[in-house]
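What follows is one structure encoded as structure tokens, with my remarks underneath.
The values are calculated or read from the model by the stated rules, or taken from the named source; none is laboratory data. Please read all numbers here as calculations on a predicted model, not as lab measurements. In this analysis, Cβ positions are derived from the backbone assuming ideal geometry, glycine residues included, and neighbour counts consider all displayed protein chains. All accessible areas refer to the heavy atoms of the entire protein, side chains included, with ligands and DNA or RNA removed. Shrake-Rupley method; radii C 1.70, N 1.55, O 1.52, S 1.80 Å.
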Amino acid sequence: MSEFTFDVNVAESVLDVAIVGSGFAGIGMAIRLTQSGIENFRILEQSADIGGTWRDNTYPGAACDVPSHLYSFSFAPNPRWSRMFAEQKEIHGYLKDCVDRFNLREKTSFNTTIVSAKFDAGTNLWTLTTYAGRTLKARLVVMATGALNRPAYPDIPGMEDFRGRVFHTAEWDHSYALEGKKVAVIGTGASAIQVVPAIAPKVKSLTLYQRTPAWVFPKFDRPIKSLEQRLYRLLPVTQKLFRGAIYAAGEAATPLFLKPSALSKMAESIGRRHLSRYVQDPELREKLTPTYALGCKRILLSNDYYPALARENVSVVSCGVDKIEGRTIYASDGSKQVVDAIVLATGFKVPVASAPFDIIGLNGKVLQDDWKEGAEAYKGMTVTGYPNMLFTMGPNTGPGNTSVIFYIESQLRYLLNYVKEVLAFDDASLELKQEKQTSFNEMIQTRMQNTAWTSGCHSWYLTPSGKNTTLWPGFSMEYRLITRQFDRESYVMHLATSGTVAESDQSLNRLFEPALA
Ligand code: N01
């Protein structure tokens, strides 16, 4: 399939909205635009299929650690979830269903990798350039490129010359059979705790390289019975109520992250009990006991991770890897291990630390430069100097304790109103006032102080200088409330033909009578 699978004339005309990426955020935005009667948009997807992280992460055991009723769109509920915590295939299937249900496939250009976006203040248009060198113009761009989609490879001397197979969890090599093999897994994050139990029974031996142990809690997973599914289908309000209850439980846990406290100490004891229930060996138990505050790194849910580590064919090396020679891994504690394959469960390059491609805004401003010391945006969605460039899952909008879909939906509402304001004119752009971005980020970083996330551990939430540019430092409901209304007064409107429009004309909103509540 080639780039621009849509009519070439469309490529030559101007899109109202270009959506980059077809994961949850991109699909959600497309659905919201469709429901609002805005049809002149396209989704630009670099791969041959939709789905983002749920297309890419196919490693054995891949599943969601947020309950499915909450990890799905409130405006596209799925009464057929087969488990409380769905597996990757089912979530990918759900997204494909959404695409079909809202006829989005014909609006998607596959194999279309955007490599740059440049704003022209003379026309108020963005020009997007693809990897193949083609261009298209759009009035607004919605960046839905995902938070965690670029695998991070560890810089281990000798890894490139490893004489076995090595692959990242996000790029699983399904052609390679692990059965009977000696396997090393590097990393102990959310991906590792899923893949280790899935492969441990098949492999000859598994050595887990753990730099930092994780806090692991019980996962209340179970199959959802057909009777329950029928109830959700026939009486959708029951699923809504259940979703609400799951949301409320997650929200109630927010104080655990905002400040290490007596409550977090109590919660830590649940984690320690979970560990001692499955791991009898005191030496192994000690290795697996975290020494940093609960919540500093992502809290993980699993019922089979600790039992897998207690297996005879599994061993835990509690340090990093120094070097690899031939098929031998040398750990920093001096131990060595000969293996056939290495699984890198080493996480992702966090994109909010840099723009995913060249984004050039007003007066030649380059977003990568602006974000060199850590990304920042206003409400995680707009950035001064980059009018009509809209971010989903941008800086400081990641959840520490609830579903990312809740944050995405908050953003879709806000961004939809932004889009309507711009499209009410023929050639308008909305530029964020600098003081809004500055004061918003000062507030974020002030609130970030003394939270569990900045209490002293190494995590992908933080930039190398220790600034948290990824998470929202409060209750998710607060985020919902500040994104509920589009604050037009935070922006200055420029018309390409006649200059600046300082004040908002609220009546323009009526041009787009929302089809949604
Ligand atoms: O990655 P991570 P992940 N030598 O960055 C270790 C989402 N997700 O893919 O902790 C040795 O958490 C590193 O060690 P340390 C979710 O948001 C969601 O597991 O830095 N080790 C760490 O243990 C999650 O948070 C689901 O000391 C090295 C690990 O690699 C995010 O993705 C499922 C190393 C990386 O852990 C990332 O999770 C899976 C080195 N050189 C993922 N370099 C859901 O269920 C790194 N490490 C929704």
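One table, with the values for the structure above:
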| read-out | value |
| --- | --- |
| Count - residues of the range 54-84 that are hydrophobic (A, V, I, L, M, F, W, C) and under 16 Å from Ser226 (Cα atoms) | 2 |
| Filter result (surrounded by 18 or more Cβ atoms within 10 Å (Cβ to Cβ) and either farther than 30 Å from Trp371 by Cβ or among the polar types (S, T, N, Q) (or both)) within the range 338-352 | Val339, Asp340, Ala341, Ile342, Val343, Thr346 |
| Qualifying residue in the range 60-78 (condition: in contact (Cβ under 8 Å) with a residue 60 or more places away in the chain and more than 28 Å from Tyr232 (Cα to Cα)) | yes |
| Lone unmet requirement of (1) within 13 Å of the ligand (Cβ to nearest atom); (2) open to solvent by 40 Å² or more (accessible area, probe 1.4 Å) for Lys204 | (1) |
| Extreme residue, nearest to the chain's Cα centre (by Cα), among residues of the range 304-325 that are away from the ligand (no atom under 15 Å from the Cβ) and open to solvent by 20 Å² or more (accessible area, probe 1.4 Å) | Pro307 |
| Of all residues in the range 344-395 being closer than 26 Å to Ile156 by Cβ and among the hydroxyl-bearing types (Ser, Thr, Tyr), the one that is modelled with the highest pLDDT | Thr346 |
| Strands (runs of 3 or more DSSP E) wholly inside the range 148-210 containing at least 3 residues that are within 22 Å of Asn303 (Cα to Cα) | 182-186, 205-209 |
| Near pairs, Cβ below 9 angstrom, 6+ apart or cross-chain, from the range 207-235 (within 11 Å of the ligand (Cβ to nearest atom)) to any residue that is part of a helix (DSSP H, G or I) and open to solvent by 30 Å² or more (accessible area, probe 1.4 Å) | Gln210/Lys287; Pro213/Lys287; Ala214/Ala190 |
| Residue that is least open to solvent (accessible area, probe 1.4 Å) [pool: residues in the range 326-337 that are in a loop (DSSP other than H, G, I, E, B) and more than 10 Å from the ligand (Cβ to nearest atom)] | Gly326 |
| Some residue of the range 49-56 being more than 16 Å from the ligand (Cβ to nearest atom) and at pLDDT 95 or above | yes |
